[in-house]
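For reference, the structure is listed below as structure tokens.
The values are calculated or read from the model by the stated rules, or taken from the named source; none is laboratory data. On a predicted model such as this, the values are computed, not experimentally measured, just so you know. FYI the Cβ positions are ideal-geometry reconstructions off the backbone, even for glycines, and counts take in every protein chain you see. All accessible areas refer to the heavy atoms of the entire protein, side chains included, with ligands and DNA or RNA removed. Shrake-Rupley method; radii C 1.70, N 1.55, O 1.52, S 1.80 Å.
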Amino acid sequence: MSEAFDCAKCSESLYGRKYIQTDDGPYCVPCYDNTFANTCAECQQLIGHDSRELFYEDRHFHEGCFRCCRCQRSLADEPFTCQDSELLCNDCYCSAFSSQCSACGETVMPGSRKLEYGGQTWHEHCFLCSGCEQPLGSRSFVPDKGAHYCVPCYENKFAPRCARCSKTLTQGGVTYRDQPWHRECLVCTGCQTPLAGQQFTSREDDPYCVTCFGELFAPKCSSCKRPITGLGGGKYVSFEDRHWHHSCFSCARCSTSLD
């Protein structure tokens with residue numbers, strides 16, 4: 001008589017049948033699957049011994065059940081991610097959870113270089129100066145009514161220009177005759193002395209310091225021969241086409257004031 005060769009689970013003879021050998025003995029295929037097979041987390045069916053099994057975060061799947069929960073694409077050989085226990089292919093994850101580039105409208109893929117400003121997102125190569133259309137990258141920029149400018153373009157387009165040199169005023173400056181000037185550009189027409197913060201006057205729209213204006217244009221006192229500028233509240237007296245400082249208009253004999 002031949003030796004018994006039975007399933008370790010159901011004790012049915014395995015002669016002429018397919019079986020699987022384990023350390024505990026041979027099992028017929030149904031008993032082996034019922035005893036050792038894992039349950040698919042997707043379809044809740046046993047993953048048979050002849051099925052390709054995939055494992056992710058303590059969950060087991062048939063190969064065909066391991067797929068994107070949105071587009072049903074197989075994830076067996078695809079990059080994927082998990083969002084709230086749902087498996088998603090990269091395309092679906094990006095469509096659902098990634099930002100859209102404010103310039104081109106395409107998805108800003110996770111891990112790609114991007115720029116964020118004012119609640120909006122751009123691909124690094126899409127964040128351009130509205131003037132020269134060059135990438136702004138990490139350069140300083142100035143926002144203006146939804147546009148973004150590099151500093152040189154913004155200054156060329158919007159910054160006031162000096163009335164003398166026509167270059168932009170980026171900071172500071174002074175106002176003369178309702179026009180902006182660089183402080184270093186507002187100088188005396190005669191001696192080139194800076195006039196910002198100093199008392200000065202003008203002639204035919206040209207600015208002059210008090211000294212140059214007096215020497216060049218002011219009448220001379222007939223007594224002391226110094227210029228009569230009239231600046232700072234100074235008074236003078238005119239008589240027979242001659243002029244005197246108020247303090248110089250006095251009697252030639254007794255020096256009594258004649259004002």
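Give the distance, in whole Å, between the Cα centre of segment 94-163 and the Cα centre of segment 42-82. About 42 Å separates the Cα centre of segment 94-163 from the one of segment 42-82.
Ignoring ligands, DNA and RNA, what percent of the accessible area of segment 160-217 is carbon or sulfur (1.4 Å)? If you can, show how the numbers build up before the last one.
Numbers: 1590 of 3760 Å².
For segment 160-217, the apolar C and S fraction of the accessible surface comes to 42 percent.
The Rg/Rh ratio for the chain, using Cα coordinates for both the radius of gyration and the Kirkwood hydrodynamic radius, is 1.63. Which of rounded, prolate or oblate describes segment 68-148 when judged by the alpha-carbon gyration tensor and an a/c cut-off of 1.5? Note, shape of segment 68-148 comes out prolate.
Please report the relative contact order for the chain, taking Cα pairs under 8 Å with a sequence separation of at least 6, and give it as a percent rounded to a whole number. All intermediate terms of the calculation are to be shown ahead of the outcome.
Working: 369 pairs, mean separation 13.0, N = 259.
Taking the mean separation of contacting Cα pairs over the length of the chain, I get 5 percent.
With loop defined by DSSP as not H, G, I, E or B, and exposure as at most 14 other Cβ atoms within 10 Å, which is the longest segment of the chain clear of exposed GluC sites (Glu not before Pro)? Don't jump to the answer; show the numbers that get you there.
Values: sites that count: E3, E12, E57, E106, E133, E184, E204, E240.
With a cap of 14 other Cβ atoms within 10 Å, the longest stretch comes to 134-183.
The distance between label points at T35 and R70 comes to 4.5 nm (points 7 Å beyond Cα on the Cα→Cβ vector).
For the pair N156 and C43 in one chain, pulling the backbone fully straight at 0.36 nm per residue adds 34.1 nm over the alpha carbon distance.
Rounded to whole numbers, the Karplus 3J(HN,Hα) couplings from phi for segment 165-170 are 9, 6, 7, 6, 9, 8 Hz, using 6.51 cos²θ - 1.76 cosθ + 1.60 with θ = phi - 60°, and x at Gly and Pro.
Could you do me a favour and compute the accessible area per residue for segment 19-95, 1.4 Å probe, result in Å²?
Computed with neighbouring chains in place, this is 60 Å² per residue.
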